[in-house]
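Trainee: Next up is a structure, given as structure tokens.
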């Protein structure tokens, strides 16, 4: 039982993975010369 992953470990892994994928996507947009808007402007 000591070698099994806990739910919190899985959630931490998925959180880190999603952060990495987000950063890689922003990097690729930068390399492609795109200027994405990540937030909406206030009205």
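Just so you know, all these numbers are worked out from the coordinates, no wet-lab data involved. Everything numeric here is computed off the predicted structure, so don't read it as measured data. FYI the Cβ positions are ideal-geometry reconstructions off the backbone, even for glycines, and counts take in every protein chain you see.
Trainee: Pairs, please: C-beta under 7 Å, at least 6 apart or cross-chain, first residue surrounded by 10 or more Cβ atoms within 10 Å (Cβ to Cβ) and in the stretch 15-43, second in a loop (DSSP other than H, G, I, E, B)?
Mentor: 29/36
Trainee: Taking residue 28 as the residue in question, decide whether it is more than 14 Å from the chain's Cα centre (by Cα) and not in a loop (DSSP other than H, G, I, E, B).
Mentor: The answer is no for residue 28.
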